[in-house]
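Working notes, structure below.
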Amino acid sequence: MFRKNIIGITLLISSVLWAQNDTSSPYSLYGLGVENKTSFGGFTAMGNSGLAQTTKLQINNFNPANLANIPLGTFLYEVGVNGTYTTIKTEDLSQTTNNFNFSHLVIAFPVVKNWGMSIGLVPYSKVGYDIDIENSIEGTLETYNTSFNGSGGLNKFYWGNGFKLKNNLSIGVELVGLFGSVNQEQWILLGDSSTYLNDKNVYFSFGVNAGIQYSLNNLLGLKTTLGATVDLPTVLRTAEASVGTVSNVIISSEFNQNAEDFDLPLKIGVGLSSQINKNLMVNVDYRKNYWAKTNQLDNSSSYKDQSIYGIGFEFKPSSNLTNYLSNIKYRVGANYDSGYLSISDKNINNYSFSLGVGLPTSKNSFSSTININYSYGREGTTSKGLIQENFHKLSLNLSLVGKWFQKVKIF
């Protein structure tokens, strides 16, 4: 009964938060918006690293090959939320924003021995900005105001499968569907006259990702796993609808089903995860996203190849199931992202430091876990008239473990 109540509550929470998913970043003006960087389980607290980490009771969103490790008769369910407090500043001004977001809703289970499957819904990108600009009318002392407002974003639905080929070798494949819309509104106010422009782009695509994990004993510790992933390039099909009005009178309305498509790049990743001893695990990841090869065009920015580095540590005091405190997992990590946007010849990079705990709900080895993660980071710069964002993020993930097809014993 308790487990059913927990699942019901998390479903209700996730449905409400899905509708409230938002962001307040000026950099979401570009491209598809700000990428969702919140990971599953405790991976966020480990610097968003874990591409090679093998887990049995935690869904690894970095590598579908790990799905092959889910034990028979086990059902995994996870839901996550996060809250972010951000300070946005230029060289002269600053302001603060607060956002509360749904981060993911996923399930995973074994199909047969050595074959695991996962289905999930995750925000892929978020758009949310509100910009006011005062402009001068050439040759006069008068001014007019222009306001830009953006909203929307893309969602990712995936179906992943992992297969264990040997005791130490697993492969995985993931089919991905991206869908969503980005809406931009623009108001130009001049005296008693107003001009309103609304532009909405709807996106849709399919993609394929793949991964591999290979484990070795007694290499850098008790067990060391090497991992690699590849996300094949894909094209987001785009439809555009626009409406223009002057003083509330519609002067133009257009729908273009064959608008310019948006290219997503080839992405590769390699990682290493080592169980140093019974208490300490270390992850190291590197990812490369080839944005420059997509040839995206933008009047005010350009796309650069993106490099992402992550490192994380997980410490568990003891494996003694009789002591609850000894089974809490403590995590810490760091992440650096070179960024894929260059504005005014400055790369919009970011870094973050994170820590967290994994709290088991019982002393059982198949216990569900409450993961609490905190991150502090910075994105952008105040030089060359740009904007810097300093953020504090707190995320909560519920990793629930259920049992399937258990026989009832009658005494």
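The values are calculated or read from the model by the stated rules, or taken from the named source; none is laboratory data. Just so we're clear, the structure is a prediction, and the values are computed from it rather than from any experiment. When we count neighbours, we look across all protein chains shown, and the Cβ atoms used for this are built from the backbone with ideal geometry, even at glycine.
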Exercise. Can you work out which of the residues in region 181-200 that are of a type in the set (Ser, Thr, Tyr) and over 32 Å from the mean Cα position of the chain (by Cα) is farthest from TRP159 (Cα to Cα)?
Key: SER193
Quiz item: Of VAL122, VAL127, VAL111, which residue is of a type in the set (Val, Ile, Thr) and either touching a His at 6+ places or on another chain (Cβ under 7 Å) or outside any strand (DSSP E or B) (or both)?
Solution: VAL122
Self-check item: Within region 124-154, tally of residues that are in contact with a Phe, Trp or Tyr (Cβ under 9 Å, 6 or more places away or on another chain), under 11 Å from TRP187 (Cα atoms) and of a type in the set (Phe, Trp, Tyr)
Solution: 1
Quiz item: Would it be correct to say that LEU219 is closer than 25 Å to ASN63 by Cα, surrounded by fewer than 16 Cβ atoms within 10 Å (Cβ to Cβ) and modelled with pLDDT of 95 or more?
Solution: no
Self-check item: Unmet requirement for ARG378, which otherwise passes all of (1) more than 25 Å from PRO26 (Cβ to Cβ); (2) modelled with pLDDT of 90 or more
Solution: (1)
Quiz item: Among the residues of region 270-292, which ones are assigned to a strand (DSSP E or B), over 15 Å from GLY333 (Cβ atoms) and without any contact (Cβ under 8 Å) to a residue 40 or more places away in the chain?
Solution: LYS288
Quiz prompt | Given (1) out of contact with any Gly (no Cβ under 8 Å at 6 or more places or on another chain); (2) within 17 Å of PHE43 (Cα to Cα), index of the condition TYR286 fails | solution = (1)
Practice problem: Within region 32-65, work out how many residues are part of a loop (DSSP other than H, G, I, E, B), more than 17 Å from PHE353 (Cα to Cα) and not small (Gly, Ala, Ser). | Solution: 13
Quiz item: Going by the structure shown, is SER301 buried (at least 17 other Cβ atoms within 10 Å of the Cβ), under 23 Å from TYR30 (Cβ atoms) and in contact with a Leu (Cβ under 8 Å, 6 or more places away or on another chain)?
Solution: yes
Self-check item: Residues located in region 122-171, provided they are under 30 Å from GLN53 (Cβ atoms), crowded, with 16+ Cβ neighbours inside 10 Å and not small (Gly, Ala, Ser)
Solution: VAL122, PRO123, TYR124, LYS126, LEU154, ASN155, LYS156, TYR158, ASN161, PHE163, LYS164, ILE171
Quiz item: Do any residues in region 166-180 that are farther than 30 Å from GLY153 by Cβ have Cβ atoms under 6 Å from those of residues that are at pLDDT 95 or above and surrounded by fewer than 21 Cβ atoms within 10 Å (Cβ to Cβ), where the two are at least six apart or on different chains, and which pairs are they?
Solution: ASN168/SER215; LEU169/TYR214; SER170/LYS164; ILE171/PHE163; ILE171/ILE212
Quiz prompt | Selected residue [in a strand (DSSP E or B), surrounded by fewer than 16 Cβ atoms within 10 Å (Cβ to Cβ), touching a Lys or Arg at 6+ places or on another chain (Cβ under 9 Å) and among the aromatic types (Phe, Trp, Tyr)] from TYR376, TYR309 | solution = TYR376
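Conditions (1) over 23 Å from TYR286 (Cβ atoms); (2) in a strand (DSSP E or B); (3) more than 22 Å from the chain's Cα centre (by Cα); (4) at pLDDT below 95, marked per residue:
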| site | (1), (2), (3), (4) |
| --- | --- |
| TYR336 | no, yes, no, no |
| LEU355 | no, yes, no, no |
| ILE372 | yes, yes, no, no |
| LEU398 | yes, yes, no, yes |
Quiz item: How many residues are within 21 Å of TRP404 (Cα to Cα) and buried (at least 16 other Cβ atoms within 10 Å of the Cβ) when one looks only at region 342-366?
Solution: 2
Self-check item: Considering residues of region 72-106 that are without any contact (Cβ under 8 Å) to a residue 40 or more places away in the chain and over 20 Å from ASN350 (Cβ atoms) only, the residue surrounded by the most Cβ atoms within 10 Å (Cβ to Cβ)
Solution: LEU93
Exercise. Only one of these is in a strand (DSSP E or B), in contact with a Phe, Trp or Tyr (Cβ under 6 Å, 6 or more places away or on another chain) and at pLDDT 95 or above: GLY162, GLY177. Name it.
Key: GLY177
Exercise. Being under 21 Å from SER125 (Cβ atoms), modelled with pLDDT under 50, polar (S, T, N, Q) and assigned to a helix (DSSP H, G or I) is the filter here, so list the residues in region 1-31 that pass it.
Key: SER14, SER15
Quiz item: Does ILE88 qualify as being of a type in the set (A, V, I, L, M) and closer than 30 Å to ILE188 by Cβ?
Solution: yes
